[in-house]
1. So how do 75, 175, 185 rank on accessible area, 1.4 Å probe, biggest first, that is with the largest at the start?
2. Where the accessible area of region 113-169 is counted over protein heavy atoms with a 1.4 Å probe, how much of it, in %, is carbon and sulfur?
3. Given R₀ = 25 Å, FRET efficiency for residue 99-residue 192 by Cβ-Cβ distance, to 0.05?
4. Can you give the local net charge around residue 149? Use residues other than it whose beta-carbon is closer than 12 angstrom to its beta-carbon, Lys and Arg +1, Asp and Glu -1.
5. Excluding ligands, DNA and RNA, what is the solvent-accessible area per residue of region 42-175 at a probe of 1.4 Å, expressed in Å²?
6. Taking amide hydrogens as modeled 1.01 Å from N in the peptide plane, which residues meet the under 5 Å criterion relative to residue 156, leaving out close sequence neighbours?
7. Once the principal axes of the Cα atoms of region 48-193 are found, what is the range along each, listed largest first in whole angstroms?
Amino acid sequence: MGIRRYNGRMRHRARPAVLFAIGVGGLLAISTAWSYRTQRLAALGDNRNFVVMAPYPRGWLPQRTGPMTVSMYVHPTSGVTMRCARNESVAATRTEPGMDGQALATQFINLTRERLKGWSAFELESIVGPRWIAPVTDRQAPDRRVVTAYLVQGNSTYVFTLCGIGGSKQKVEEHIAQFRDWVAHVELAEVVR
């Protein structure tokens, strides 16, 4: 190998095999780095955060909300409440990689059965949204009934509840279809930080 002068310009006389080896080595390095990055992100889990956009339930009255409550409504005649609560973490990794909506629903059913005397708990049919599935639980005590949908995306968890306490416990059943429709129309938008 050497450098020759052609028409006044310098030109390197590298062999095609050397250039091919350099190209293949470069591609191999790029693909290895990309593979490592992809596997690393998969191991970390989905760490994105989402904001929920829930429609206003027709016929329900809005209530005051707190730091974790995104929205809360009460039915004017039955006294049943619908609530959307948020729990999220901002982290470089997925804080609870195995805790999806189904695992959360199962955990609440098990905890209710094990620790709350007089309560019953079972799973209802999941609610299917635009790009997500929310498992639903039904937990009942002698004086209350709580139907809950669990929506987990990345590091954001949204818990939707339909609750009747005291005399309104019996009225929960008549609002379950509207609750399911309310949750089914929820949309999530990624929070860009």
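The values are calculated or read from the model by the stated rules, or taken from the named source; none is laboratory data. Quick caveat, the model's predicted, so the values are computed rather than measured. Note that each Cβ is placed from the backbone with ideal geometry, even for glycine, and that neighbours are counted across all protein chains shown. What goes into the accessible areas is simple: the full protein's heavy atoms, side chains included, and nothing from ligands, DNA or RNA. Shrake-Rupley method; radii C 1.70, N 1.55, O 1.52, S 1.80 Å.
1. These residues rank, largest area first, as 185, 75, 175.
2. 50
3. Computed FRET efficiency for residue 99 and residue 192 comes out at 0.60.
4. Around residue 149, the surrounding residues sum to -2.
5. Per-residue value: 54 Å².
6. The list, which skips near neighbours in sequence, is 50.
7. Here the spans come out as 46, 36, 27 Å, largest first.
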